[in-house]
Amino acid sequence: MKKVTTLLFTILICTNLPAQQKGDTVRLWTIYPGYVITLENDTIHGFIKLNNYIDNQRKALFYNNPDDEEYAVRYKPKDIKAYKVGPRYYESFKFWPETAARGVHFFLRLIEGPVTYYKWYYESPEDSKKRIVVDEEKQKITKIDLSFSEEKLYTESIAIKNGGEPEKLSTLNFKKTMSKYLEDYPELSAKVAGKQEGYRARDIEKIIREYNEWYTKNHR
């Protein structure tokens, strides 16, 4: 039992705010049209099962036909570069959020550009423990309830700037860390540092889009 508890605590430490992804209406546990991009940059079209934010960070279940009962291929993050399922697009790269093991993971891409922006989703330890049933006698997990709401998930923000290494964009002391991250655009950096309305942690996607627009215009 100690091993199970330790594993859960290691994987599910929480530090950020609840997830609120707007404009993404889907049916969970449903097969959608999609495609995978292989390590050789080939695109394979087919159908992929959209499970939920957390499960789709771990694997992509590829189907040849939407009516198939069994998937044709199960892709792990290390197997492909990216995949798209319905409106959601995932890329794989080596980066480990505080709530994940070291290695390659799928990250939901929300913005592509000079700064490409991703989100990582996770639960609070309390919510995860409620979904897990452990057989005390056999010291193993016997059941995991997968019917949780995505709206209760937490997120971690990750960005890749100009093809560099992935970085965590922390909401802690946002004005300092984000203004430094965008210091090559002084006007925008100053707005963030001054905590102007519309340039705070909750506005991170707007801020990144504004930076990308500026960068594209000035670095042709």
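Using 0.36 nm per residue and subtracting the Cα-Cα separation, the extra length available between R209 and N41 on full extension is 57.8 nm. Label-to-label distance, T25 versus K152, with points set 7 angstrom from Cα along the beta-carbon direction: 2.4 nm. Here segment 150-205 is described by how far its Cα atoms reach on the three principal axes: 36, 29, 16 Å, from widest to narrowest. For the cross-link pairs K152/K206; K76/K176; K81/K152; K84/K161; K94/K206; K76/K161, the ones whose C-alpha atoms lie over 30 Å apart are K76/K176.
With the alpha-carbon atoms as the only input, what is the per residue convex hull volume for segment 24-117 in Å³?
107 Å³
Its residue count N fixes a reference of 2.2 N^0.38 Å for segment 176-220, and the Cα radius of gyration divided by that reference is 1.06. Of the chymotrypsin sites (Phe, Trp or Tyr not before Pro) found in segment 23-96, the ones in coil according to DSSP and having at most 14 other Cβ atoms within 10 Å of their Cβ are W29.
A short reminder: the numbers here are calculations on the coordinates, not readings from a lab. Since the model is a prediction, treat every value here as computed from it, not as a measurement. In this analysis, Cβ positions are derived from the backbone assuming ideal geometry, glycine residues included, and neighbour counts consider all displayed protein chains.
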